[in-house]
1. Considering only His13, His96, His141, give the residue with the highest GNM mean-square fluctuation for the chain, with springs between Cα atoms whenever their separation is below 10 Å.
2. Looking at Leu110, Cys212, Phe185, which one has the Cα that reaches farthest to the positive end of the dipole of the chain (charges on Cβ: Lys, Arg +1; Asp, Glu -1)?
3. Among Ala157, Ala122, His97, whose Cα sits farthest toward the positive end of the charge dipole of the chain (+1 at Cβ of Lys/Arg, -1 at Cβ of Asp/Glu, about the Cα centre)?
4. How much length would be gained if the chain were fully extended between Ala182 and Ser207, taking 0.36 nm per residue of separation minus their Cα-Cα distance, in nm to one decimal?
5. Take the Cα radius of gyration of the range 1-51 and divide it by 2.2 N^0.38 Å, with N its residue count; two decimals is plenty.
6. Quick check on the range 142-193: take the gyration tensor over C-alpha atoms, sort the square-rooted eigenvalues as a ≥ b ≥ c, and tell me if it's rounded (a/c under 1.5), prolate or oblate.
7. Using the Kirkwood formula over every pair of different C-alpha atoms, what hydrodynamic radius in Å results for the range 125-169?
8. Taking Rh as the Kirkwood radius computed over C-alpha pairs, what is the Stokes-Einstein D of the range 1-152 at 10 °C in a medium of viscosity 1.306 mPa s, expressed in µm² per second?
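Read-outs throughout are calculated quantities, based only on the coordinates presented, and are distinct from any laboratory measurement. Please read these numbers as outputs of a predicted model, since none were measured by experiment. Cβ coordinates were reconstructed from backbone atoms using ideal geometry, including for glycine residues, and neighbour counts include every protein chain displayed.
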Amino acid sequence: MHKILYKGRGIEHAYDEGKIKTAVLKGVDLDIEASKMTAIVGKSGSGKSTLLHILGTLDTPDKGDIYFQDVLINGLSSRAKARFRNRHLGFVYQFHHLLGDFTALENVMLPLLIDKVNPALAKERAQYLLDRVGLVSHMHHLPSELSGGERQRAAIARALVYSPEMVLADEPTGNLDETNAAKVFELLQELVRDEGSAVVMVTHDMSLAKQCDTIYEMAGGVIKDGTFSDSDSEVASVVSKLALSRAAKEVKLKTKGS
Ligand SMILES: Nc1ncnc2c1ncn2[C@@H]1O[C@H](COP(=O)(O)OP(=O)(O)OP(=O)(O)O)[C@@H](O)[C@H]1O
Ligand SMILES: [Mg+2]
């Protein structure tokens, strides 16, 4: 029995557009195992990005529960959610969201600086990751001075900078050529293998999806053919939120020298 890091139960979500309500998620159940790669596939518009945003606490579901390490996270305050995201999650957006006034290096360092990690270590770690995504020569460029694929790679480096326990990546290789897509995928695999992170990756690339440990397919607002344990979800809401207090100093950040 593997450790379940993330558990979603009965997740429902609709978008309001004037008088019309479009139900996108209609009761999604999913388990995400620790230290595994999970692919989410499905047709365009099937709700993959919506689900990822909800798992990442960037959006709140209309119904349903999301547990991370048995803590109910959709009930946290917005401040606690922000802390949760910074400490536990790396989010790679479908459209990159780099900060335009900061260089690639600064963008990647930022999550660590916010958490008061030593700036020299933050820089070393950021450079290590930018090197891994093949961007070290462009690290002093602003996002506007990078190509789409380069921005995507910088965003991936930023998502991984904190060695997050969970990476939520929305088409991380969508804008990349085959070589860079393979590089990014290897980096995600390395994160899982060496640092025990879990990666959830939305992708349209079935050859990458097939290399993941689990594939979930979204269709009709649900995940097709999922099998989930149900026994322990009630106890979760009473577990102390202290389980989520992962301190900066506990995280070992791999750099070139280590
Ligand atoms: N902010 C929004 N307001 C209204 N409708 C939205 C909003 N965001 C998404 N939708 C709708 O919800 C549905 C699911 O969108 P979502 O972005 O989750 O799909 P997706 O599976 O990620 O698609 P793709 O593969 O094209 O990225 C779509 O029909 C979309 O039009
Ligand atoms: Mg999407």
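1. His141
2. Leu110
3. Ala122
4. Details: separation 25, 0.36 × 25 = 9.00 nm, distance 1.07 nm.
Result for the pair: 7.9 nm of gain on full extension.
5. Against the empirical 2.2 N^0.38 Å value, I get 1.39 for the range 1-51.
6. Numbers: a/c = 2.23, a/b = 1.39, b/c = 1.60.
Since a/c reaches 1.5 but b/c is at least a/b, the shape of the range 142-193 is classed as oblate.
7. Working: mean 1/r = 0.0936 Å⁻¹.
Here the Kirkwood hydrodynamic radius works out to 10.7 Å.
8. Values: Rh = 17.6 Å.
My calculation gives 90 µm²/s for D.
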